[in-house]
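For reference, the structure is listed below as structure tokens.
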Amino acid sequence: MSSQDARFEIAHLATAELLTPDLEGSLWFFTTLLGMRETGRSNGSVYLRCYEDPYSHSLKLTESDKPGIGGLRWRTTSEDALNRRAAALSKAGLGKGWTAGDLGVGKTFAFDTPDGHAMELVWDIEKHKATGAERSPILNRRSKRPLQGLPPKRLDHVNIMASNVREQRQILEQTLGFGTREQVVSGDDEFGAWMSVNILGHELAIMKDQTGAKARLHHLAFYFGIPQHNTDFAEICREYGIQIEAGPDVHGVTQGAFLYVLEPGGNRIELFGNAGILQLEPDWEPVVWDLEEFATGAGLAVGGTVMPQEFLLYGTPAVTGQEAMFRQQARDSNYDFRAIKVP
């Protein structure tokens, strides 16, 4: 089966696990400020969902000594597709074998990307069925819109950092059929890739980790679907002490309306204010940006927002001893990311 055929065997990003050294602070951020509902607890982890997420949870918060991504779970389009993709991952040397699943999740096939990001494939997963006061009269909505905080509709996408973007991108194209929508390049080097298995502009982005570290998280994103909500949530963050990193504005890449904040555990969270580009063409070709166009032009921010120096450098867990050096280099170069050097 070709990678193009394989694309129809992965449906979407189903769940994500965030590691946090401040479980109560992270829980407050996602439930009180973002209005996500808690659906369960197990072995020190808390399970949450947005009001239009289809499954029993989309976010798993796990207490840890450092922030970061614990794992990502992709749902396949059938049980047969799960078995075929598991075989492809095993043949590529990435497979780790079958697991017993998780709360509300049946057996999964675990694998690591070449950079060490933990991921799983799943078919058997519990769908959320609202009952009683949680049941919405809007029958195609999985549960009532919460009255607390400013609730996003669903989990949207993830951006991971990789020491070698090209290697990571190619293996996901070949084994799981991801389609690459946009790329950022600098000479022969690949700086970023935005990928999807469906019509979304991206469900997975890969950004070059200039520290040389592996398996770090850049950000996890949740979908508002209304750009004004990004401005509204920025006001909430300002009033309740959540650090705003950048936005609200609109990216050139994906044309997504963004707001980036740091939740209390230290992970970067993006609030996605619109759907961005929807890819409906059957014969699409990747859009390629030069790093200069991306970093200093319209690629990062159409509206002219000056992204902070940490944006292309900071990930979780943070790289010990290097953050201060990067910040000083960025200040010295007037935030020109191209001038930042990695020893």
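The values are calculated or read from the model by the stated rules, or taken from the named source; none is laboratory data. Quantities reported herein were computed from a predicted structural model and do not represent experimental measurements. FYI the Cβ positions are ideal-geometry reconstructions off the backbone, even for glycines, and counts take in every protein chain you see.
Computed quantities for the displayed model
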quantity	calculated
Segments classed as strands (runs of 3 or more DSSP E), wholly inside region 66-157, with at least 2 members that are in contact (Cβ under 8 Å) with a residue 24 or more places away in the chain and under 29 Å from P227 (Cα atoms)	68-76
Single condition P264 does not satisfy, out of (1) under 13 Å from H219 (Cβ atoms); (2) over 16 Å from the mean Cα position of the chain (by Cα); (3) at pLDDT 90 or above	(1)
Residues of region 267-300 that turn out to be in contact with an Asp or Glu (Cβ under 8 Å, 6 or more places away or on another chain), at pLDDT below 90 and either in a strand (DSSP E or B) or surrounded by fewer than 18 Cβ atoms within 10 Å (Cβ to Cβ) (or both), as a count	1
Checking E79 against (1) within 30 Å of A318 (Cα to Cα); (2) more than 21 Å from the chain's Cα centre (by Cα); (3) not aliphatic (A, V, I, L, M), the condition it does not meet	(1)
Hits in region 209-237 (condition: among the basic types (K, R) and either at pLDDT 95 or above or in contact with a Cys (Cβ under 8 Å, 6 or more places away or on another chain) (or both))	R216
Criterion: hydrophobic (A, V, I, L, M, F, W, C), assigned to a loop (DSSP other than H, G, I, E, B) and on the phi < 0 side of the Ramachandran plot - qualifying residue of A213, A205, A246	A213
Whichever residue in region 185-214 is closer than 17 Å to Q174 by Cβ and not hydroxyl-bearing (S, T, Y) and, among such residues, is surrounded by the fewest Cβ atoms within 10 Å (Cβ to Cβ)	E190
Residue list for region 168-200, filter: in a loop (DSSP other than H, G, I, E, B) and under 20 Å from E9 (Cβ atoms)	G177, F178, V197, N198, I199
Residue in region 225-232 that is polar (S, T, N, Q) and assigned to a strand (DSSP E or B) present	no
Number of positions in region 44-55 that are in contact with a Leu (Cβ under 7 Å, 6 or more places away or on another chain) and assigned to a loop (DSSP other than H, G, I, E, B)	2
Members of region 9-41 that are outside any helix (DSSP H, G or I), more than 19 Å from the chain's Cα centre (by Cα) and either within 30 Å of T175 (Cβ to Cβ) or free of Cβ contacts under 8 Å to residues at least 24 places away in the same chain (or both)	E38, R41
Among the candidates P286, P248, residue that is under 29 Å from L23 (Cα atoms) and not acidic (D, E)	P248
Members of region 77-103 found to be closer than 21 Å to P54 by Cβ and surrounded by 19 or more Cβ atoms within 10 Å (Cβ to Cβ), listed by number	A81, L82, R85, D102
Count - residues of region 248-261 that are under 25 Å from N198 (Cβ atoms) and either at pLDDT below 90 or touching a helix residue (DSSP H, G or I) at 6+ places or on another chain (Cβ under 9 Å) (or both)	6
Output for region 138-177, where each listed residue is touching a Cys at 6+ places or on another chain (Cβ under 8 Å) and more than 19 Å from G68 (Cβ to Cβ)	P151, P152, K153, R154
Test: residue in region 114-123 that is among the charged types (D, E, K, R), within 24 Å of E38 (Cβ to Cβ) and under 20 Å from the mean Cα position of the chain (by Cα)	yes
Residue, nearest to S143 (Cα to Cα), within region 47-76, restricted to residues that are touching a His at 6+ places or on another chain (Cβ under 9 Å) and of a type in the set (A, V, I, L, M)	L48
Qualifying residue in region 68-76 (condition: modelled with pLDDT of 95 or more, surrounded by fewer than 20 Cβ atoms within 10 Å (Cβ to Cβ) and among the hydroxyl-bearing types (S, T, Y))	no
